[in-house]
1. For segment 197-217, give me each residue that is on the phi < 0 side of the Ramachandran plot, part of a loop (DSSP other than H, G, I, E, B) and surrounded by fewer than 18 Cβ atoms within 10 Å (Cβ to Cβ).
2. Hey, residue 175 hits all of (1) closer than 25 Å to residue 229 by Cα; (2) in a helix (DSSP H, G or I); (3) free of Cβ contacts under 8 Å to residues at least 24 places away in the same chain but one; which does it fall short on?
3. Could you list, in sequence order, the residues of segment 135-155 that are free of Cβ contacts under 8 Å to residues at least 12 places away in the same chain and closer than 16 Å to residue 213 by Cα?
4. Which of the residues that make up segment 219-235 are loosely packed, with under 15 Cβ neighbours inside 10 Å and more than 16 Å from the chain's Cα centre (by Cα)?
5. Anything in segment 65-83 that is assigned to a loop (DSSP other than H, G, I, E, B), at negative phi and either buried (at least 24 other Cβ atoms within 10 Å of the Cβ) or touching a helix residue (DSSP H, G or I) at 6+ places or on another chain (Cβ under 7 Å) (or both)? List them, or say none.
6. For segment 29-45, state whether one or more residues are under 26 Å from residue 224 (Cα atoms) and at pLDDT 95 or above.
7. Is one or more of the residues making up segment 219-233 over 24 Å from residue 49 (Cα atoms), at pLDDT 95 or above and part of a helix (DSSP H, G or I)?
8. Being touching a residue at least 60 places away in the same chain (Cβ under 8 Å), in a helix (DSSP H, G or I) and within 26 Å of residue 66 (Cβ to Cβ) is the requirement here; does residue 191 meet it?
């Protein structure tokens with residue numbers, strides 16, 4: 001090898017060494033050490049429930065067990081937090097599907113009194129909007145079946161519904177049709193209400209677990225459901241909070 005070739009070889013080694021040093025110095029971002037993490041996709045911080053959302057489960061829980069003093073406080077807190085009159089009524093209307101007409105009617109009667117008291121104190125609560133039209137007949141059956149499938153995550157069937165076809169029809173047409181088709185309350189809000197109501201009642205843990213799963217399907221998160229449980233505990237319903245926590249534990253949360 002002549003002198004010219006040796007000089008060229010040394011020059012190439014110097015250039016390569018310089019590039020390596022520059023590359024090492026430039027990689028001060030920890031993402032460089034892990035190219036699978038893209039700097040264009042930052043980790044998003046989970047959003048906590050709003051004060052308005054936090055107020056929903058305690059309203060439904062106290063209404064479901066007929067604790068009227070606690071319900072009065074929960075209604076005032078929810079209205080103060082931004083629930084409209086229409087949304088608050090809807091929470092209590094939906095409640096009858098899980099706790100029965102007597103609890104729902106009593107709760108609605110108390111809401112009327114609370115609104116009158118607030119108006120007398122000069123508080124102007126937001127009316128909100130009424131729900132849009134709901135289909136009827138076969139269209140309602142189709143809509144209810146589709147809503148049920150979307151909420152649960154798969155078509156619903158089983159021995160119980162074969163044993164009692166009427167309850168399957170009522171669920172599809174009325175609960176998931178008539179009620180869930182009413183668009184003045186978001187599905188996430190409806191599930192927070194349902195979780196609150198079921199958590200407050202003893203002996204319906206399997207239904208609570210089903211609705212915790214549905215809550216995840218409609219966009220709520222494990223952490224947000226934990227927040228709902230913490231709010232139930234903070235408002236004096238320790239057993240409801242414990243039931244939600246136990247249900248989340250079975251879901252890996």
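The values are calculated or read from the model by the stated rules, or taken from the named source; none is laboratory data. The shown structure was predicted, so the numbers you read here are calculated from the model rather than taken from an experiment. Note that we place each Cβ from the backbone using ideal geometry, even for glycine, and neighbour counts take in every protein chain shown.
1. Going residue by residue through segment 197-217, those that are on the phi < 0 side of the Ramachandran plot are 197-202, 204-217.
Narrowing the set further to residues that are part of a loop (DSSP other than H, G, I, E, B) leaves 201-202, 204.
Within segment 197-217, 202 is the sole residue that qualifies.
2. The one condition residue 175 does not meet is (3).
3. Once the filter is applied, which keeps residues that are free of Cβ contacts under 8 Å to residues at least 12 places away in the same chain and closer than 16 Å to residue 213 by Cα, segment 135-155 yields 149, 154, 155.
4. Answer for segment 219-235, where residues must be loosely packed, with under 15 Cβ neighbours inside 10 Å and more than 16 Å from the chain's Cα centre (by Cα): just 234.
5. Residues of segment 65-83 that are assigned to a loop (DSSP other than H, G, I, E, B), as a first pass: 65-67, 81-83.
The next check asks that each one be at negative phi; those that pass are 65, 67, 81, 83.
Matches in segment 65-83: 65, 81, 83.
6. Step one: filter segment 29-45 for residues under 26 Å from residue 224 (Cα atoms), giving 41-45.
Then drop every residue that is not at pLDDT 95 or above, which leaves none.
No, segment 29-45 contains no residue that is under 26 Å from residue 224 (Cα atoms) and at pLDDT 95 or above.
7. Filtering segment 219-233 for residues over 24 Å from residue 49 (Cα atoms) gives none.
No: zero hits.
8. Values: touching a residue at least 60 places away in the same chain (Cβ under 8 Å): no; in a helix (DSSP H, G or I): yes; within 26 Å of residue 66 (Cβ to Cβ): yes.
No: the conditions fail for residue 191.
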